[in-house]
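As structure tokens, the structure follows; a few thoughts come after it.
The values are calculated or read from the model by the stated rules, or taken from the named source; none is laboratory data. Note that the structure is a prediction, hence the values are computed from the model and not measured. Cβ atoms come from the backbone with ideal geometry, glycine included; neighbour counts cover every protein chain shown. Accessible surface is based on the protein model in full, side chains and every heavy atom, while ligands, DNA and RNA are left aside. Shrake-Rupley method; radii C 1.70, N 1.55, O 1.52, S 1.80 Å.
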Amino acid sequence: ASGLSAFTLMDGSGTSMSALTPFPNKQWYQRRVRGCHINQDVRYMQLGLTMGLKENIEKTSPILGRNAVYAKTSLVSRLPAYLTINFIRFFYKEKENINAKVLKDIKFPMSYDAYDLCSPELKDKLTPARDAFESFRQKKIQKELSAEVRNKNEKPEEVPEARYESSSFAEDIGSNNSGYYELQAVLTHQGRSSSSGHYVAWVKHKDDDWLKCDDDKLSIVKEEDVLKLSGGGDWHVAYTLLYGPKRQQIWDEEEKKDEEKPVEEKPVAVVEKMQE
């Protein structure tokens, strides 16, 4: 993935300057996006990711003619099909000479939208696929409302096998063309040190079912169990998340024809009052 950096000069003289420059290469950008940062202000994954794209650096100011402190904000110019997010939970305590762990509760979503992290150019490229998602949602709502109006005694129609649009740009296989993601797997760590503890994998199976892979033990858990892995104690704590692309279903031609069918109006029963 490649990206852009916006530099804004932070100087006591009140002078300000901003510039937008490309990252020199792909590898350097990947090192820059270190993951979800955690401090006393972070309670949700999105804020931790946003903080990870910001930092203060010292560089030469062409305006001041000397080194100055800049606030650097990085923007994403390409989204991968599968997004891996690492929580920065381990750190070194010099005083105790140990690798400690941050147990703080950091909420993460089942569905994630990376749009706010993207550059303006990438946001423009994401728009068509995002509009398609919204169009499908509106059509689905309209179909459900139409179905309520129809005779409930009618035999339900067979639902055709779902077909899906590509989730990548045609010229960039392996990318994400919408910014929408669905959580596919979670790696957790149980313990208080990076040098010890127990790792468990939690993998999405189907619908609300997830698979808990604990060494050679395999068990089925629910989505609500996975959301409890956000931290806050000595229980399994999310360390790495794997998000996959949200799939855009193709609106079937039969459903289009169904939309065009006029809603059959039921005859209104008229009761005439008999004249004596």
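Give me the pairs: first residue in region 111-134 and closer than 18 Å to M51 by Cβ, second residue among the charged types (D, E, K, R) and surrounded by 12 or more Cβ atoms within 10 Å (Cβ to Cβ), beta-carbon distance under 8 Å, and six or more apart or on different chains, which are they?
Filtered contacts from region 111-134: Y112/E182; Y115/K123; Y115/R130.
Does any residue of region 83-96 turn out to be of a type in the set (S, T, N, Q) and either modelled with pLDDT under 85 or over 18 Å from S230 (Cα atoms) (or both)?
The answer is no; no qualifying residue exists.
Quick check on region 223-251: of everything there that is surrounded by fewer than 13 Cβ atoms within 10 Å (Cβ to Cβ) and among the acidic types (D, E), which residue is modelled with the highest pLDDT?
E224
Residues in region 257-276: is at least one among the aliphatic types (A, V, I, L, M), at pLDDT 90 or above and touching a helix residue (DSSP H, G or I) at 6+ places or on another chain (Cβ under 8 Å)?
no
Considering only region 90-107, state which residues are open to solvent by 50 Å² or more (accessible area, probe 1.4 Å) and of a type in the set (F, W, Y).
Scanning region 90-107 gives F91, Y92.
Filter region 47-79 down to residues that are charged (D, E, K, R) and within 29 Å of the chain's Cα centre (by Cα) and give me whichever is most open to solvent (accessible area, probe 1.4 Å).
The residue in question is K54.
E182 - would you say it is at pLDDT 95 or above, in a strand (DSSP E or B) and of a type in the set (D, E)?
Against the criterion (at pLDDT 95 or above, in a strand (DSSP E or B) and of a type in the set (D, E)), E182 qualifies.
I'd like to know if region 26-38 contains one or more residues that are open to solvent by less than 90 Å² (accessible area, probe 1.4 Å), among the hydrophobic types (A, V, I, L, M, F, W, C) and at pLDDT 50 or above.
Within region 26-38 (the criterion being open to solvent by less than 90 Å² (accessible area, probe 1.4 Å), among the hydrophobic types (A, V, I, L, M, F, W, C) and at pLDDT 50 or above), the answer is yes, since at least one residue qualifies.
Does region 116-141 hold any residues that are of a type outside the set (K, R), open to solvent by less than 50 Å² (accessible area, probe 1.4 Å) and within 18 Å of the chain's Cα centre (by Cα), and which are they?
L117, C118, S119, L122, L126, A129, A132, F133, listed by residue number.
Here is a check on your reading of the model: is A170 open to solvent by less than 40 Å² (accessible area, probe 1.4 Å), at pLDDT 90 or above and hydrophobic (A, V, I, L, M, F, W, C)?
So A170 fails the test.
Among the residues of region 198-239, which ones are of a type in the set (F, W, Y), within 21 Å of F90 (Cα to Cα) and in a strand (DSSP E or B)?
Selection gives Y199, W202, Y239.
I'm trying to understand the selection: among the residues of region 80-89, which are closer than 16 Å to H37 by Cα, open to solvent by 50 Å² or more (accessible area, probe 1.4 Å) and in contact (Cβ under 8 Å) with a residue 60 or more places away in the chain?
T84, N86
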